[in-house]
Amino acid sequence: MIGEERRRGIVETLRAARGPLSGAALGHACGVSRQVVVQDIALIRRSGTPVVSTSRGYVLLPGNARPTRVFKCHHSVEESLEELDMVVDLGGCVEDVFVNHRAYGIISSRLDVRSRRDAARFMDEIRSGVSRPLMGLTDCYHFHHVSADSQGVLDEVGLALSERGFLAELLPYERGLVEESTDQTPSPGTGYDGREDRQH
């Protein structure tokens, strides 16, 4: 099975699934390793297909999913609540957090933070030790998929994060891995509609 066929098969399998599917399960169905599936998912996302990662596996979002943009951020753990509140106050939803680790590659976690209450609950888990922030693995560099009702809201989110000093510059290799929006001029330090691979 060639790559393009395999990726079409992955999308169709996710579309037919009644719940999340793990990388291992998708790899078994396609006859490839989990790592190949991870790379395929990155390419699928870059093509604009809304596949998200959850703690239980991959999920294909409905075709009418809201506009989504990727932001690369850098700040202290203590400033995480301020970052999340800033996004939700402007009408955004922080879908997830992910990092690019030199040794372990892509590590992600679903957040679904839509309100200040969600943000406070998440931070309570961090402070209580129930959860540890992924950003701690990469010197506090991390990425978020943020969705909103319009591209205009995402522009406002990017501007607010930039003015606060929370946005981080994309490295050269990240600009090719985080696909930019075709109808937007990137704000400094932002990337769009895609994911990543390696480091920060």
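Restricting Ser150, Ser162 to residues that are polar (S, T, N, Q), out of contact with any strand residue (DSSP E or B) (no Cβ under 7 Å at 6 or more places or on another chain) and modelled with pLDDT under 90 narrows the list to Ser150. Considering segment 1-53 alone, what residues qualify as being out of contact with any strand residue (DSSP E or B) (no Cβ under 9 Å at 6 or more places or on another chain) and β-branched (Val, Ile, Thr)? Answer for segment 1-53, where residues must be out of contact with any strand residue (DSSP E or B) (no Cβ under 9 Å at 6 or more places or on another chain) and β-branched (Val, Ile, Thr): Ile2, Val32, Val36. Within segment 88-109, being surrounded by fewer than 21 Cβ atoms within 10 Å (Cβ to Cβ) and out of contact with any Lys or Arg (no Cβ under 9 Å at 6 or more places or on another chain) holds for Leu90, Gly91, Ala103, Tyr104, Ile107, Ser109. Residues in segment 119-129: is at least one surrounded by fewer than 16 Cβ atoms within 10 Å (Cβ to Cβ), of a type in the set (Asp, Glu) and either in a strand (DSSP E or B) or modelled with pLDDT of 85 or more (or both)? Yes, segment 119-129 contains a residue that is surrounded by fewer than 16 Cβ atoms within 10 Å (Cβ to Cβ), of a type in the set (Asp, Glu) and either in a strand (DSSP E or B) or modelled with pLDDT of 85 or more (or both).
None of Val70, Val38, Val77 is surrounded by fewer than 17 Cβ atoms within 10 Å (Cβ to Cβ) and under 25 Å from Asp139 (Cβ atoms) except Val77. Out of all the residues in segment 21-34, which are in contact (Cβ under 8 Å) with a residue 24 or more places away in the chain and surrounded by fewer than 16 Cβ atoms within 10 Å (Cβ to Cβ)? Answer for segment 21-34, where residues must be in contact (Cβ under 8 Å) with a residue 24 or more places away in the chain and surrounded by fewer than 16 Cβ atoms within 10 Å (Cβ to Cβ): Ser22, Gly31.
The values are calculated or read from the model by the stated rules, or taken from the named source; none is laboratory data. The shown structure was predicted, so the numbers you read here are calculated from the model rather than taken from an experiment. Every residue, glycine as well, gets a Cβ built from its backbone with ideal geometry; the counts of neighbours run over all protein chains shown.
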